[in-house]
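The values are calculated or read from the model by the stated rules, or taken from the named source; none is laboratory data. Fair warning: this is a prediction, and the values are worked out from it, not measured in the lab. Neighbour counts run over all protein chains shown; Cβ positions are idealised from the backbone, glycine included.
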Amino acid sequence: MSDIAMPTLDVPTRPRILVIRRDNIGDLVCTLPMITALRRRYPEAHIAALVNSYNRDVLAGHPDLDAVYAYTKAKHREDGESVAGVYWRRIKLTLHLRRERFDYAVLGGAHFLPRALRLARPLGARHIVGFTEPGRRGAGAIDTPVPYGSGAGMHEVEDIFRLLAPFGIEGPPPAARLAPDAVLADAIRTGLPAAAAGRPLVGLHVSARKPSNRWPVERFVELARRLHEAHGAHFLLFWSPGAPDDRFHPGDDDKADHLAAVLGPDLLTPCRTERLAELIAGLSLCDRVICSDGGAMHIAAALERPIVCLFGATDPVRWHPWATDYRLLQTPARDVSDVDVDAVLVAFSELMSR
């Protein structure tokens, strides 16, 4: 970080703090340690979060938050909803948040974030805390700046934790933790077949946004069969629901159908998760999780699940599972298709031995 002096805030005993994070699932999970640290420092504070509707379930029931607000991005609007309707609801939310009279709006995320700043400015918080970078237009609106410097060699959690310096909070960051919906988890557990009783439950998440993180479905088949033989495991299958050719929300229904047909109900239970809360609940039931880098991996880490994670062209230093036991597999070619089943079996056995 730069040597430029940062202002130290004169924080009241019961501050009203709004954390803004508008990014993807994994990014939001990596913000949870920052929220927890704020709660520990200011136990009597009113702490809220502003996120997008796609990610809101990550924060549902979180013990360190007093309120969660969500706006909808136009690309995430519901069927039949107009773009104008989306922006009208955002205006109403902005007016509501202005009435909340926050003392601090914290722009969660690495680097200078002009879009997050555009969300924050109309809210009328007394202070805006965020990263700044030289030469970036508009950064002057951040009255409590944290010079970004470089996040090289840091995990995302550690990098954004530096935003708490004006509050007098320093690392190391705590763990990220989630609160799964107990009713949803019980419903999934009740639906398990008799063949799963008494067996280790292993979560398999077969979807990945980046092509380099997509492990071939045939290897998932081989892996499941060999893990069942070696450890007697039963598998909970997770994937991104939808057809692969869906223009807005491509999914992996074809992969899930193939795995279910080939492995059968004695080995595998498909868990179709139309809502993020269902994915969180399902992963909370697993004894171990095998997945590629992505949002599901960070959710599993926040649920304290041991993970075998497959990394393609992603920086493992910045994005490895935070504060849980894991084995990370990445080849020099940085493509998960080069990871063989034997390597995953060895990594899984190491987790089992712990």
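Among residues that are hydrophobic (A, V, I, L, M, F, W, C) and surrounded by fewer than 21 Cβ atoms within 10 Å (Cβ to Cβ), VAL346 is included. Candidates in the range 108-144 are the residues that are among the basic types (Lys, Arg) and more than 14 Å from LEU50 (Cβ to Cβ); of these, the one that is surrounded by the fewest Cβ atoms within 10 Å (Cβ to Cβ) is ARG137. Scanning the range 19-65 for residues that are in a strand (DSSP E or B) and either within 25 Å of ARG318 (Cα to Cα) or among the small types (Gly, Ala, Ser) (or both) gives VAL19, ILE20, ALA48, ALA49, LEU50, VAL51, ASN52.
Per the listing LEU164, LEU178, the residue uniquely within 19 Å of the chain's Cα centre (by Cα) and not small (Gly, Ala, Ser) is LEU178.
Within the range 81-105, the residues that satisfy the criterion of being touching a residue at least 12 places away in the same chain (Cβ under 8 Å) and among the charged types (D, E, K, R) are ARG89, ARG90, ARG98, GLU100, ARG101, ASP103.
Determine if the range 71-83 includes at least one residue that is surrounded by 15 or more Cβ atoms within 10 Å (Cβ to Cβ) and assigned to a loop (DSSP other than H, G, I, E, B). Checked the range 71-83: at least one residue is surrounded by 15 or more Cβ atoms within 10 Å (Cβ to Cβ) and assigned to a loop (DSSP other than H, G, I, E, B). For the range 189-242, a residue qualifies if it is of a type in the set (Lys, Arg), under 27 Å from the mean Cα position of the chain (by Cα) and closer than 24 Å to GLU278 by Cβ, and the qualifying residues are ARG189, ARG209, LYS210, ARG214. With respect to the conditions (1) out of contact with any helix residue (DSSP H, G or I) (no Cβ under 7 Å at 6 or more places or on another chain); (2) closer than 20 Å to ASN213 by Cβ; (3) free of Cβ contacts under 8 Å to residues at least 60 places away in the same chain, ASP257 lacks only one, and its number is (2).
Pairs are defined by a Cβ separation below 8 Å, a sequence spacing of at least 6 or placement on different chains, a first member in the range 188-210 that is within 14 Å of LEU267 (Cα to Cα) and at pLDDT 95 or above, and a second member that is in a loop (DSSP other than H, G, I, E, B) and small (Gly, Ala, Ser); the pairs so defined are ARG199/GLY232; ARG199/ALA233; PRO200/GLY232; PRO200/ALA233; LEU201/ALA233; VAL202/ALA233. Among the residues of the range 111-133, the ones that are at positive phi and among the aliphatic types (A, V, I, L, M) come to 0 in all. The residues of the range 103-132 that are assigned to a loop (DSSP other than H, G, I, E, B) and under 10 Å from PRO145 (Cα atoms) amount to a single one, PHE112. Flag not set for ALA48, criterion: without any contact (Cβ under 8 Å) to a residue 60 or more places away in the chain and surrounded by fewer than 16 Cβ atoms within 10 Å (Cβ to Cβ). Restricted to helices (runs of 4 or more DSSP H) entirely inside the range 268-325, those with at least 2 residues that are buried (at least 22 other Cβ atoms within 10 Å of the Cβ) are 276-284, 295-302. Inspect the range 98-107 for any residue being of a type in the set (Asp, Glu) and surrounded by 14 or more Cβ atoms within 10 Å (Cβ to Cβ) and give the result as yes or no. Yes, that holds for at least one residue.
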